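The values are calculated or read from the model by the stated rules, or taken from the named source; none is laboratory data. Predicted, not measured: the structure shown is a model, and the values here were computed from it. Cβ placement follows ideal geometry from the backbone for every residue including glycine, while neighbour counts extend to all protein chains displayed.
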Amino acid sequence: MDSVGPVETTAPSRASEMSSRWAGIETLHPAYFALVMATGIVSIASQLLGMTRVAFVLFVLNIVFYGTLWGLTGLRIVRFARRMASDLTDHGRSVGFFTMVAGTCVFGSQCFIIASRPMLAAALWVLGIALWIFFTYAIFTSLTVKGEKPSLAQGINGGWLVAVVATQSVSILGTQLAPFFGPHHEGILFFTLSMWLGGGMLYIWIISLIFYRYTFFVLEPSDLSPPYWINMGAMAISTLAGAMLISAAPESVLLRQILPFLKGFTLFFWATATWWIPMLLILGVWRHGYKRFSLRYDPLYWGAVFPLGMYTACTLRVSQAMDIEFITSIPNVFIWIALAAWSLTFVGLIRRIMTLLAARAA
């Protein structure tokens with residue numbers, strides 16, 4: 001009987017050790033691909049502004065980030081399929097899966113712009129489309145038919161607009177790749193135009209609910225989670241998608257016919273994104289300054305870095321596509337804000353990893 005005692009006491013500890021080892025993967029937030037989105041767009045903005053070394057370093061890092069996150073996601077699917085399925089029907093976490101779509105397409109744009117690998121970018125575009133189709137209809141269908149639902153105040157947040165970001169990211173990468181499809185380029189541009197329009201309509205639907213929630217329900221500091229910056233980011237990426245379509249118009253009969261419409265709505269999106277910036281800064285001061293809400297690393301903060309890089313890139317592209325020279329100074333300033341935000345968030349990520357490793361070693 002004496003020999004049995006140690007076995008009985010060590011078995012639970014081993015089980016506990018295994019459980020803690022996999023806990024991080026089990027609870028991995030679906031929105032973690034925002035890390036790829038943020039790194040990718042800051043890299044692209046740096047490349048467009050001539051900061052090629054910075055752009056390349058971020059591209060190399062993003063290769064690691066993208067591969068690692070897919071590896072962790074694969075493990076999560078294998079070991080915690082039920083938890084993944086539960087996330088797909090959760091009003092708070094389900095929309096985070098759209099970062100997989102946006103991250104894939106932004107990384108594809110990096111491969112195209114920085115690495116000059118159109119074939120790899122095309123493969124990522126196809127993957128992005130497949131992911132977009134699956135998550136769009138799986139998530140919105142499940143949230144529509146589920147029996148128990150949260151209130152609007154509890155269920156809606158800025159993270160929902162990642163669905164718009166995902167849609168527009170598919171449009172942008174497809175427009176960039178259209179010339180490589182030869183005689184099919186007109187059909188590709190029709191598809192990317194449709195995605196741009198659909199993403200714009202989706203923004204109107206979702207932002208109406210978010211704005212209503214902000215202004216007619218009590219707002220606590222904890223309610224302003226980091227993805228509220230996507231309010232601006234979704235408009236910024238819509239602006240970039242529009243600017244890319246404007247630049248492609250000389251090669252498309254359809255786009256030439258609706259060019260004034262493209263320019264008008266692209267400026268409309270840019271103006272809306274610009275309007276959001278002071279508002280979001282004021283809310284940030286209210287949250288962290290007046291309400292003293294602690295500022296510590298959260299993976300969702302990558303969703304706040306992304307809009308800063310996207311606003312930089314979209315403003316530069318709009319100025320080029322529509323010959324608006326007097327706004328070219330904006331990207332030259334915003335790129336440093338985006339790089340600073342990326343660096344601070346990356347330091348937070350490294351500290352979080354080191355803390356977890358130290359806790360595991362202890």
Kindly list the number of the only condition in (1) modelled with pLDDT of 95 or more; (2) of a type outside the set (D, E, K, R); (3) not in a helix (DSSP H, G or I) that fails for MET1.
-> (1)
Can you name the residue in the stretch 86-129 that is out of contact with any helix residue (DSSP H, G or I) (no Cβ under 9 Å at 6 or more places or on another chain) and assigned to a helix (DSSP H, G or I) and, of all such residues, is modelled with the lowest pLDDT?
-> SER86
Hey, does the stretch 347-356 have a residue that's part of a helix (DSSP H, G or I), of a type in the set (D, E, K, R), over 15 Å from TRP229 (Cα atoms) and under 20 Å from the mean Cα position of the chain (by Cα)?
-> no
Kindly indicate which of VAL145, VAL164, VAL170, VAL95 is surrounded by fewer than 17 Cβ atoms within 10 Å (Cβ to Cβ) and either of a type in the set (Val, Ile, Thr) or touching a residue at least 24 places away in the same chain (Cβ under 8 Å) (or both).
-> VAL145
In this structure, is VAL162 touching a Cys at 6+ places or on another chain (Cβ under 8 Å) and part of a helix (DSSP H, G or I)?
-> no
Counting only residues that are within 14 Å of ILE41 (Cβ to Cβ) and either among the aliphatic types (A, V, I, L, M) or outside any helix (DSSP H, G or I) (or both), the stretch 220-234 contains a total of 3
So which of SER238, SER247 ends up being in a helix (DSSP H, G or I), within 15 Å of the chain's Cα centre (by Cα) and polar (S, T, N, Q)?
-> SER238
Candidate set from the stretch 301-331 (those that are under 19 Å from the mean Cα position of the chain (by Cα) and among the polar types (S, T, N, Q)); member that is farthest from GLN47 (Cα to Cα) | THR315
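Conditions (1) surrounded by fewer than 14 Cβ atoms within 10 Å (Cβ to Cβ); (2) hydrophobic (A, V, I, L, M, F, W, C); (3) in contact (Cβ under 8 Å) with a residue 12 or more places away in the chain; (4) under 22 Å from ALA166 (Cα atoms), marked per residue:
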site: GLY242; (1), (2), (3), (4): no, no, yes, yes
site: ALA248; (1), (2), (3), (4): no, yes, yes, yes
site: ARG256; (1), (2), (3), (4): yes, no, no, no
site: PHE261; (1), (2), (3), (4): yes, yes, no, no
site: TRP276; (1), (2), (3), (4): no, yes, yes, yes
site: SER294; (1), (2), (3), (4): yes, no, no, no
site: GLY303; (1), (2), (3), (4): no, no, yes, yes
Matching residues in the stretch 132-142 - criterion: being surrounded by fewer than 15 Cβ atoms within 10 Å (Cβ to Cβ) and more than 17 Å from GLY92 (Cβ to Cβ) = ILE133, PHE134, TYR137, THR141
